[in-house]
Amino acid sequence: MIRFKLFFFIVICCWGSNMSFAQGDLRQADELYEQFDFAGAADLYKKVLDDDKKNMQALERIADCYRQLGNNQKATYWYPKAIKANPKNDLLKYYYARCLMGLSKYGEALEWFRAYQQTTKGSLDLRTESFIDACKNIAQFYADSASYQIKRANFSSPQGDLAPTFWQHENKLAFSSFRPKKAVSREETYADIFYTEKISNIWSLPQPIPGKSNNPYHEGPVTFNSAGNVMYFTRNVPRKKARHSGVAHLQIFESRWEKDHWTEGEVLSFCDENYSFGHPALSADSKTLYFVSDMPMGSEGGKDIWKSEWVSGRWTDPVNLGASVNTRGDEMFPSIHADGSLYFSSDGRSGIGGFDVFMATPYGEDWNVENLKYPINTPKDELAIILSANKTTAYLTSNRLGNEDIYIVTMPASFHLKEAMFAQEDTRTPSHFTDYATPAANSNSSTQYIPITPAEPIVVEKVMPAEVVENYTRFTEMDRVPYSITGIVVDEVTHQGVSGAQVRIVDTKNPKITIDQITNDSGSFSFWVEAGKNYTVSKIDGSRVEDYKIVNTVAANGKTNANIILISKIKKQDALTTTPEHNSVKSLYDEDKHANTDNLTADVTYKAGTNVLKNTSAVVYRVQIGAFQQAIPSKNAFFSRVKDRSITTEIAPSGLVRYTTGNYEDFSIAQTICSEMKRRGYRNAFVAGYIDGTRYEGDILEYQKK
């Protein structure tokens, strides 16, 4: 279960006597759903659907349960069924599209956002256009990302940790954690406040914060005043009716440091037990408290960020930060930097998928808000983030590996220098700062800048303190170096960039792992992948592959990027997909004497190439499995042995139709694939060479020797 959702809906499960076995599964499921027990409700809705596959309410709610649990894979299985059962429920299209974004299926998400936009509700939903723009221009979120360093904090636990904040100084962090405590013995694990301190550059093993470890409540997130002796924290406080409703709302408490421990605390005066108040963030001067609430009065919708001022010895009535920050979605986990910039998480703004974190900079009475992009944000949920005073280090909460963990981020020079520039020249908005820059040396002007080189690519620290390794062992997931694959899709005839084209990347060893992307206005795209693997990058049109490249991401000699070009081709040239209606192979081969695929003759005669390059680094290799006088349909038995591979069609100078597979920079790999093709029965398979994308009509080995 996605733990962070508990920070606004604390569930008191009501199994046992509150659930009569005489009730039907649907009624029990609905009760659990209303109590926000989405895992339990999903199990019961599944039982309902086992007996009644078309139950509209069960279909809608089981899809929503998995969305609320963050299980986009299961949610996208149920949403199409729910939409089919109730096409009048427009919001199903919206949530289906959001879940597709969470799986990086931006092409499909774009289609469903557009479908939602055509509805009455969708046409009035301001979020729709921003998400459409995000899907169309997803590459913008991946720009300038190689200069970040991100590693999972060695003090994170398997149970879940989130929302760190500084306590007294930047080498001491307090955060919420679901890890067990030896001092407390109970079946359910409650969220409590822990702290860790950096000593000799190593974070200590987290300990419960004194005075806050034995309460039967969920506690956290937390914030402190600059002296570190006043704490504001979130705690769930059951209402008088909580035993009947199953829901305990959150409230914000103030506690003080006395005699080496924190006092029990008192609820703040503006809190209302009918609504939730949580996620406090105190300004550096302790005069403004930012927080999150679901109270509807003055709200933009969902959960919003509010603020209260300390005036004349009391906290003023809350004020909503307004539409420049809040949306119809949920805004949560605010943090306020000493320079006045606000950081928060939202699922209602244009982003990569799920919850993204944003930075808001004061601009008059409003705020300029920008997405912090990849690799801080991912298609998963990124939540709380805080930054050091000089903005060189950030502490981020993310469930990118499935569990809420805390990550330490080394911010690039471009980030904190950009912020310094913005502070000096407030007539410019954050969107103006796109280039790396630093103040010119020996300059008296604060507005002169010279280019600087981006920081080195991410290098993940693998060494963990011995005492941490002994206690926690799940640290290996992020020990991988990222690799960027960038490129452009160009028109076959005009050679101009093609905007809105669909590009798909597939892990060749695990074809189930795919990411779709839509090219931006210039036809560009960008993917971040793991180094040391092979990926197929394709320009697709529906189910038709127009062009593809295979990229090997071995980070040799420090190389962490590959740039490719894909061709957007004319549909009629793709014989494999333009003739699917031909179910009879014989009708295609009336003039072809090689209808028997066991006797197919490969095109093995070549003319000498004329455009020979001296530099062989531009040579790639493909394996040709056959060539025929006429194109053959994709359903022909000839292709039955290569269903697991992408096939490229090309026309030889002789007019024969060639079929090749693969795209390799290493000749030995191509030879291995060729041997495999022969083993599969393609006896005339051989390796062909291509120079700058053009087939070399000669002996490629002889060419290499020269």
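No value in this document is a laboratory result; all are computed from the given coordinates. Note that the structure is a prediction, hence the values are computed from the model and not measured. All Cβ positions, glycine included, derive from the backbone under ideal geometry; neighbour counts span all protein chains shown.
Per 0.36 nm of contour for each residue apart, how much would the distance between residue 635 and residue 319 grow if the chain were fully extended, relative to their Cα-Cα spacing?
Length difference between fully extended and current span is 107.3 nm.
Ranked from highest to lowest mean number of other Cβ atoms within 10 Å per residue, what is the order of the peptides 47-54, 88-95, 527-534, 194-201?
88-95, 527-534, 194-201, 47-54
Can you figure out the FRET efficiency of residue 541 with residue 46, using R₀ = 25 Å and their beta-carbon distance, to the nearest 0.05?
Given R0 = 25 Å and the Cβ-Cβ separation, E is 0.10.
Let's test the formula: R0 of 45 Å, r as the Cβ-Cβ distance of residue 169 and residue 486. What FRET efficiency results, to the nearest 0.05?
That gives a FRET efficiency of 0.65.
Taking 0.36 nm per residue of separation and subtracting the Cα-Cα distance, what length does fully extending residue 565 through residue 55 add?
Full extension of this stretch gives 178.8 nm more.
If a/c stays under 1.5 just call it rounded; otherwise compare a/b with b/c (prolate if a/b is bigger, oblate if not). Do that for region 36-119, with a ≥ b ≥ c from the square roots of the Cα gyration tensor eigenvalues.
Oblate shape, in that a/c is at least 1.5 and b/c is the bigger or equal ratio.
May I ask you to order 490-497, 132-139, 378-385 by the average number of other C-beta atoms within 10 Å around their residues, highest value first?
378-385, 132-139, 490-497
For each pair in 151/172; 151/259; 198/533; 53/539; 81/373, compute the distance between the two Cα atoms and list the pairs where it is over 29 Å.
Correct reply: 151/259; 198/533; 53/539; 81/373.
Kindly rank 33-45, 344-356 from highest to lowest mean number of other beta carbons found within 10 Å of each residue.
Result, highest mean first: 344-356, 33-45.
So, R0 is 25 Å and r is the distance between the beta-carbons of residue 286 and residue 388; what FRET efficiency does that work out to, to 0.05?
Once rounded, the FRET efficiency stands at 0.85.
Provide the per-residue ³J(HN,Hα) series for region 668-679, in order, calculated from phi with Karplus coefficients 6.51, -1.76, 1.60 and θ = phi - 60°, each as a whole number of Hz, with x at glycine and proline positions.
Residue by residue, region 668-679 yields 5, 5, 4, 4, 4, 5, 4, 4, 5, 5, 5, 4 Hz.
How big is the convex hull of the Cα atoms of region 249-382, per residue, in Å³?
137
Any chance you could run the full-extension gain for residue 370 through residue 86? It's 0.36 nm times the residue separation minus the Cα-Cα distance, nm to one decimal.
Working it through step by step, the gained length comes to 98.6 nm.
Is any residue of region 526-554 close enough, with backbone N under 16 Å, to a label point placed 7 angstrom from the Cα of residue 494 along the Cα-Cβ axis, and if so, which?
none
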